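Only one structure is covered here, and it is reproduced in the block below.
What follows is calculated from the coordinates using simple rules that are stated; it is not laboratory data. Note that this is a predicted model, so its numbers are computed, not measured. Please note: Cβ atoms are built from the backbone with ideal geometry, for glycine as well, and neighbour counts cover all protein chains shown.
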Amino acid sequence: MFPGAQRLAFILAVTGGLTLLSLKRSDEPTLDCATVNGGGGDYRILVVGESWASDGKILPELPRAVSERLKGRGVTACSLGFAGRNSRLLFTELREKFPKEKLYRAFDDNKPDTVVIMNGVNDEIQHVGQSAYVEYTKKLVEYFSDVDDVEIIAIPRVNERRFKPPNLYSAVKRSILSCFYDHCQRQVNDLYRVALWRDHPELNVVEFDDFIDKYEGNERCYTADGVHLTDECFHKYGKFIGGALTLGKEKRAEK
């Protein structure tokens, strides 16, 4: 094949991969809520993320842990999950399907006290590039600019090296994009994390490594796909998040 034809084939392949990446998913997001010690004046927490935020897997442990920290105050937590979405798709669908006036109905039309952004796993698995992860993580934070406390969970540790895409086309697309955006590296978790910290040091990031610092040696906490926690560890994760959030303490201290 001539060099020009090779370049054309590569460009077409990348274009096809990017086109597939931009397609919207047909499965709908899930919204689950749990209240602990409710009774008026509850502290309100909204979690927005990908599959790790789906199906209420971190509830009720998250609000229970926060309630304990707040000396028994009522806590309502809602978790909105967009399974399989990278940060760009998550941001796009969030705006389209959950404008804030609709989303805040879960809190009786009150804005949350804390918003937790739980994204990035699909960005690294799909190899969308550091710049896309950083750009749309920042946009997710800005979407909730009316909330005083917005916190981001650093990208969880998953089995990037041995991850198996669901089909051949996905495998080819992942291979192409990993070279197009990530210099053919398969393990990019730290690269994406550093890019976010470098470009936006002002963001409030909760360090996932305080829960699980690496995939190797902690396989028992993951399902067979290596990118999701078991139910038992999701419950532990909810408790961890509840204990790790700043709950806006820094901003209150500045006032």
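A few remarks follow.
- Three-way shape call for segment 23-160 based on the alpha-carbon gyration tensor, with the a/c threshold at 1.5: prolate
- Cβ crowding within 10 Å ranks ASP213, ASP109 as ASP109, ASP213, fewest other Cβ atoms first.
- Hull volume in cubic angstrom per residue (convex hull over the Cα atoms of segment 27-254): 119 Å³
- Cβ crowding within 10 Å, taken as a proxy for footprinting-reagent exposure, orders SER54, SER175 from fewest neighbours to most as SER175, SER54.
- Under Karplus coefficients 6.51, -1.76 and 1.60, residue-wise ³J(HN,Hα) of segment 183-197 in Hz, glycine/proline x: 6, 6, 7, 8, 9, 10, 3, 5, 4, 5, 4, 4, 4, 5, 5
- Summing Cβ point charges (Lys, Arg +1; Asp, Glu -1) relative to the Cα centre of the chain gives a dipole of roughly 400 debye.
- Given 16 as the ceiling on other Cβ atoms within 10 Å, longest exposed-site-free region of the chain for GluC sites (Glu not before Pro) in DSSP loops: 1-201
- Secondary structure note: in the chain, about 30% of the DSSP beta bridges are antiparallel.
- Potential lengthening between ASP209 and CYS179 on full extension [0.36 nm per residue; Cα-Cα distance subtracted]: 8.1 nm
- Residue separation of GLU202 and ASP231 scaled by 0.36 nm, minus their Cα-Cα distance, works out to 7.1 nm of gained length.
- Rough spin-label spacing in nm, given labels placed 7 Å along Cα→Cβ, for LYS97 and ARG69: 2.8 nm
- Computed from backbone phi with θ = phi - 60° and the Karplus coefficients 6.51, -1.76 and 1.60, the 3J(HN,Hα) list for segment 76-92 is 10, 10, 10, 10, 10, x, 10, 4, x, 8, 7, 5, 5, 5, 4, 4, 4 Hz; x is used for glycine and proline.
- Separation in nanometres of the label points that stand 7 Å from Cα toward Cβ, at GLN187 and ASP27: 2.8 nm
- With a cut-off of 17 Å on the backbone N, the residues of segment 122-143 near the modelled label site 7 Å out from VAL194 along Cα-Cβ are 124, 129-134.
- With neighbours defined as other Cβ atoms within 10 Å of a residue's Cβ, the residues TRP197, TRP52 order from fewest to most as TRP197, TRP52.
- Phi-based couplings in Hz for segment 29-44 (Karplus 6.51, -1.76, 1.60; Gly and Pro marked x): x, 10, 10, 10, 10, 8, 10, 10, 6, x, x, x, x, 5, 6, 10
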